[in-house]
Amino acid sequence: MSSGATAARRWAVIAAAGQSQRMSAELPKQYLKLCGRTLLENSLRPFLECAGLSGVVVVIAPGDSHWQALPCARERRIRIARGGSERMHSVLNGLKELAREARPDDWVLVHDAARPCLDRGDLERLIATLEHDPVGGILALPIGDTLKHAAADGEHVDATVDRAGFWAAQTPQMFRFALLERALTVAVESGSKVTDEAAAIEALGQQPRLVKGSVRNIKITRAEDLELAEAILTTMAGRA
């Protein structure tokens, strides 16, 4: 919790530096179009519409030639950071861009540009749920499918895993600025291969809170995901 009379502010870091190796597309997937906008623009929208957000850092790949062509590149609340070799490096670079303004107890929401279907209501519920949490937490979904563990050849099942207690992590993931910066710095310096911010927080002995998300908040990883995401966005637009 923030100390004194000064309320904690909220910032967002959008991870958009991926190279989309599994998409087989000419453009990085964050610049592919969905419902007339790029994935990145769709992913940014709920944050730019979120009341009380102090600013957004978009982390793009070095040499990215596409960002400046987007209308949102001229949005005054957005600034840019350069991506690193792994996600944790990229997000840490985003935090460094905020370091001059963000206070230790401020909140940072980290979101994937490849998740363009985040519902603003889910974002606001995550923020409200974690407002007084000492650590922070993530949007996630309880696993509903039966889990199978693959054999060494990657083509056969060698075990069925009890799914009880397992959740699929989503983004945004929301943590205090100083805690997240320390967690990612430790991960980078130790050479740990953390794949999300919660894993870095967990490595410090903390327990992020699980906040139930939505099946609509899909991550675009393969070309066939685009059709589903377009259908989700079309439905969401019809509800607005």
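Computed from the coordinates by the stated procedures, all read-outs in this text should not be read as laboratory data. Remember, it's a predicted structure, so these values are computed and weren't measured experimentally. Because the Cβ atoms are built from the backbone with ideal geometry, glycine has one as well, and the counts that use them run over all protein chains shown.
Along segment 137-146, what does the Karplus equation 6.51 cos²θ - 1.76 cosθ + 1.60 (θ = phi - 60°) give for ³J(HN,Hα), rounded to whole Hz, x for Gly and Pro?
In residue order, the calculated couplings are x, 9, 6, 7, 10, x, 5, x, 7, 5 Hz.
Under the rule of at least 5 residues apart or a separate chain, name every residue whose amide H is placed under 5 Å from the amide H of Ile218.
Under 5 Å from the amide H of Ile218 lie the amide H atoms of Cys117, each far enough along the sequence or on another chain.
Remind me, relative contact order of segment 110-240 in percent, using alpha carbon pairs under 8 angstrom and six or more residues apart?
35 percent
In deg cm²/dmol and to the nearest 500, what is the mean residue ellipticity at 222 nm of the chain if only DSSP H runs of at least 4 residues count, each as -39500 (n - 2.57), divided by the residue total?
Roughly -8500 deg cm²/dmol at 222 nm, from the helical runs in the chain.
Put +1 on the Cβ of each Lys and Arg and -1 on the Cβ of each Asp and Glu in the chain; which of Asn42, Gln19, Ala102 then has its Cα farthest toward the positive end of the dipole?
Projecting each Cα onto the dipole axis, the largest value belongs to Ala102.
Which residue, Asp158, Asp106, Asp119, has the most motion in a Gaussian network model of the chain that connects Cα atoms within less than 10 Å?
Asp158
Work out from phi, with θ = phi - 60° and the Karplus expression 6.51 cos²θ - 1.76 cosθ + 1.60, the ³J(HN,Hα) of each residue of segment 196-208, listed in order in whole Hz, and give x for Gly and Pro.
Rounded to whole hertz, the list is 8, 5, 4, 5, 5, 5, 4, 5, 8, x, 8, 10, x.
Report, by chain and number, residues whose modeled amide H sits under 5 Å from the one on Gly136, excluding near sequence neighbours (fewer than 5 apart, same chain).
Arg209
Can you tell which of Ala203, Ala164, Ala61 shows the greatest fluctuation in a Gaussian network model of the chain with Cα springs below 10 Å?
Comparing Ala203, Ala164, Ala61 in the GNM, the peak value goes to Ala164.
Given [x] 18.6; [y] 19.7; [z] 20.9, which label gives Kirkwood radius over Cα pairs in Å as computed from the coordinates?
Among [x] 18.6; [y] 19.7; [z] 20.9, the one derived from this structure is [x].
Work out which helices of the chain, taken as complete DSSP H runs, extend at least 18 Å along their axis over the Cα atoms and score a mean Kyte-Doolittle of 0.0 or more, then list them.
Within the chain the helices that satisfy the rule are 177-190, 225-239.
Within the chain, which is the longest segment that contains none of the GluC sites (Glu not before Pro) sitting in a DSSP loop with at most 14 other Cβ atoms within 10 Å?
With a cap of 14 other Cβ atoms within 10 Å, the longest stretch comes to 156-223.
Compute the length gained on full extension between Glu49 and Leu27: take 0.36 nm times their separation in residues and subtract their Cα-Cα distance, giving the result in nm to one decimal.
Separation in residues times 0.36 nm, less the Cα-Cα distance, equals 5.3 nm.
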